[in-house]
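One structure below.
Each value in this text was obtained by applying a stated rule to the coordinates, not by laboratory testing. Note that the structure is predicted; figures quoted are calculated from it, not measured. Counting neighbours? That spans all protein chains shown, and the Cβs are built from the backbone with ideal geometry, glycine included.
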Amino acid sequence: MRILRLIIIQRRSYASVEPMERSLLELAAFEILILSTPRKVVINEYLNINKEYGQSETTSFINGVLDKLA
């Protein structure tokens, strides 16, 4: 998703984003933009997934990107 990539590169280089983070962001963006799932629900769920399976220090990055997207 092009808009997601533009938001990411405002915060750090796209290449530095781990595949797990990219996947979470892409799926969350799909839910927000295409499925019209409520923004707060999506952000909460994907932050919880990241805490469980990803790197906990990236939680604020994912939160910032998704908040800007919505």
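If I model a spin label at Leu35 and Glu52 as a point 7 Å from the Cα along the Cα→Cβ vector, what separation in nanometres do I get?
Distance between label points: 1.4 nm.
How much net charge surrounds Ile49 when only the other residues with a Cβ under 14 Å from the Cβ of Ile49 are counted, with Lys and Arg +1 and Asp and Glu -1?
-4
Taking only C-alpha pairs under 8 Å that are 6+ residues apart, what is the relative contact order of the chain in percent?
Value for the chain: 41 percent.
How much length is gained on full extension from Ser23 to Ser60, taking 0.36 nm per residue of separation minus their Cα-Cα distance?
Net length gain for the segment: 11.7 nm.
On a C-alpha basis, how far is the centre of the stretch 1-28 from the centre of the stretch 33-70 in Å? Whole number, if you could?
Computed from Cα coordinates, the inter-centre distance equals 12 Å.
Given the convex hull of the Cα atoms of the chain, what is a quarter of its surface area in nm²?
4.0 nm²
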